[in-house]
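**Q** Below are the structure tokens for one structure; questions will follow.
The values are calculated or read from the model by the stated rules, or taken from the named source; none is laboratory data. Keep in mind that what you see is a predicted model, and the values were worked out from it rather than measured. Ideal geometry is used to build each Cβ from the backbone, glycine not excepted, and the neighbour counts take in all protein chains shown.
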Amino acid sequence: MRKYIFSIFVMFLLSTPAFAVDPIVTESTTNSTVNSKGETETTVKSPPPSAISPSINNSNSDVCTIGFSGAVQTQVLGISGGSAVRDMNCERLKLSKVLYDMGMKVAAVSNMCQDERVFSAMEMAGTPCPFMGKIGDEAKTLWDTYPELRPQHMKDNDETKAMVKGGLFGAGALGLLLLLL
């Protein structure tokens, strides 16, 4: 108990001089008057709205399409557009997997053989692609008899038709014209 009384007494002695000191007081008075007059003029010159290409969503991994979009902006005109393109190889792989899972192994291989790379690989491996239900040496003989039915020949014809039908040249000329504007 003595320790507590002694501690209180020491604190009282040390705090007493702090109460005895007078505080410092500073007084200041300021008067000011501000008068202002002004005129402002704002002119906003904005550019034409931007051509913003649309977003094409490809988030679903089970869809065999590829989205693309683009935009062109000039001082006068802005054009934007987008589309989706089917990925035929992706579709072929998915179809072949479904056929194989259903037990249709020859049909799955036949579907894959529509790709010239697979067709060539099967020939190099000594196992030619099926031909109208025939497999093995019978299929090889029929492929040799009808070479126009091979995937490479069919692909060349399809690409030529697509270029003429799709108007690839016309689309390129339109793009060049837009860039010149």
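**Q** Identify the residue in segment 73-121 that is without any contact (Cβ under 8 Å) to a residue 24 or more places away in the chain and assigned to a strand (DSSP E or B) and, among all such residues, is nearest to Gly136 (Cα to Cα).
**A** Filtering segment 73-121 for residues that are without any contact (Cβ under 8 Å) to a residue 24 or more places away in the chain and assigned to a strand (DSSP E or B), the one nearest to Gly136 (Cα to Cα) comes out as Arg86.
**Q** Here is a follow-up. Within segment 127-150, work out how many residues are hydrophobic (A, V, I, L, M, F, W, C) and either within 41 Å of the chain's Cα centre (by Cα) or in a loop (DSSP other than H, G, I, E, B) (or both).
**A** So the count comes out to 5.
**Q** Quick test of your reading of the structure: Thr145 fulfils all but one of (1) at pLDDT 90 or above; (2) closer than 22 Å to Val98 by Cβ. Name the failing condition by number.
**A** Unmet for Thr145, out of (1) at pLDDT 90 or above; (2) closer than 22 Å to Val98 by Cβ: (2).
**Q** Here's another thing I want to ask about it. Just give me the residues in segment 12-48 being within 45 Å of the chain's Cα centre (by Cα) and at pLDDT 70 or above, in sequence order.
**A** Within segment 12-48, Glu41, Thr42, Thr43, Lys45 meet the criteria.
**Q** Check Ser69, Ser110 and return the single one that is in contact with a Leu (Cβ under 9 Å, 6 or more places away or on another chain), at pLDDT 80 or above, surrounded by 10 or more Cβ atoms within 10 Å (Cβ to Cβ) and hydroxyl-bearing (Ser, Thr, Tyr). Break it down into steps so the answer makes sense when it comes.
**A** Working: Ser69 fails: in contact with a Leu (Cβ under 9 Å, 6 or more places away or on another chain).
Exactly one of Ser69, Ser110 is in contact with a Leu (Cβ under 9 Å, 6 or more places away or on another chain), at pLDDT 80 or above, surrounded by 10 or more Cβ atoms within 10 Å (Cβ to Cβ) and hydroxyl-bearing (Ser, Thr, Tyr), namely Ser110.
**Q** Hey, another quick one. Scan segment 72-88 for residues that are surrounded by 13 or more Cβ atoms within 10 Å (Cβ to Cβ) and at pLDDT 85 or above and jot them down.
**A** Passing the criteria: only Asp87.
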